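The structure appears below as structure tokens.
Please treat every number below as a calculation from the coordinates, not as lab data. Everything quoted here is computed from the prediction, not taken from an experiment. Cβ sites come from the backbone with ideal geometry, for glycine too, and all protein chains shown count toward neighbours.
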Amino acid sequence: ILLVILHFIMKKIYNFSIILSFVGLWVTSIFSGNTEIILGFFLIFSFGILHGSNDLLLIHTFSNIPSRLMFLKILGLYIAIILLAVMLFYFIPSIALILFVLFSAFHFGEQHWESKQLNISSTLSQFFYFFYGLLVLQILFVLNADDVILTIASITTYSIPETLISTILNLNIIVLLVLSVVIYRKSENFRNSVALETFYLLIFCIIFKVSTLIWGFTIYFILWHSIPSLYDQIKFIYGDYTKQNCLNYFRNAFPYWLVSIIGIIVVYNIIKDERIVNAILFSFIAAITFPHALVMSNMFSKYKKRT
């Protein structure tokens, strides 16, 4: 039933994203903040991790590495990245957190804009992807500044001033406006989508303002990032998006998703030190984000060459 619903949503992704986003806001009027956090993490560790669970299949699709050798190499790389992320978040959490935000910003921007076919230089598009994704995250941070400051303090032990968050947002808006003017002159597709994309940003502002930090991030991450990413991945791997291909994708991704969930549950229950738990949770998400962002960039590059 869930796959049928998801298949139906993917046919009109952004239309349903708008509707479901406001359904998500309705949820905030029913449940308490703690319930929102639990539900948010549930969705992040379900759909969120699922959309990054098929990296192995994506790499196999655009590489000539034999399956068994590829599996061992990629498995070893993922384990190494997880260990490195854990060490970074525990020993140098401030650096790890900055890297996590920067990688996430580019990944979010690339996923959102790559399908728009802006037809501009690779360098210009990559700068634009990064600053657009960073803008979305900064809007979330500014509108939930108190929660962000507490979260950063719990991970890094540093308390950052609220003015720093708003200052970085203002600087980013200036850079993004300059980039937008340049792209507006070069890309007809960008000119045609400016009004709609501005409307989307307005929706994000409403969502982030009304929701808690975790719930606002969850709505964006699941509805505006993970589901569109699933759609793009299925089309790239199987050549077209159909209900059967959607089912095939989930069958391939499920074992890796299940191992990931079991692993994080076991670690969470074994470790009682709150600081270590925070490091494990964020390093786990970061360990998914870092390699997944690289794989998706490679996928989009291969897709351009294919088409």
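At an R0 of 22 angstrom, the distance between the Cβ atoms of VAL181 and SER115 translates into a FRET efficiency of 0.50.
Adding -39500 (n - 2.57) for every DSSP H run of four residues or longer, then dividing by how many residues the chain holds, sets the calculated 222 nm ellipticity at -28000 deg cm²/dmol.
The alpha carbons of region 61-220 give a radius of gyration and a Dmax of 18.4, 52 Å, in that order. Between ASN248 and PHE22, the modelled label-to-label distance comes to 3.8 nm, taking each label 7 Å out from Cα in the direction of the beta carbon.
By the rule of a C-alpha distance below 19 Å, with chain neighbours fewer than 8 residues away ignored, the aspartates and glutamates paired with LYS235 are ASP55, GLU110, GLU114.
Structure remark: mean-square fluctuation, Gaussian network model of the chain, C-alpha springs under 10 Å; the largest value among HIS60, HIS112, HIS225 belongs to HIS60. Computed on region 156-260, the Cα convex hull volume stands at 181 Å³ per residue. Give LYS209/LYS304; LYS186/LYS243; LYS186/LYS305; LYS73/LYS305; LYS209/LYS302 a once-over and call out the pairs whose C-alpha atoms are over 29 Å from each other. Exceeds cut-off: LYS209/LYS304; LYS186/LYS243; LYS209/LYS302. Select from LEU118, LEU223, LEU171 the residue whose mean-square fluctuation is largest in a Gaussian network model of the chain (Cα-Cα springs shorter than 10 Å). Judging by the Gaussian network model, the answer is LEU171. Using C-alpha pairs below 8 Å separated by at least 6 residues, the relative contact order for region 14-149 is 15 percent. Taking every C-alpha pair closer than 8 Å and separated by at least 6 residues, the mean separation divided by the residue count of the chain gives a relative contact order of 35 percent. Once the Cα-Cα distance is subtracted from the 0.36 nm per residue extended length, the THR163 to PHE42 segment shows a gain of 40.4 nm.
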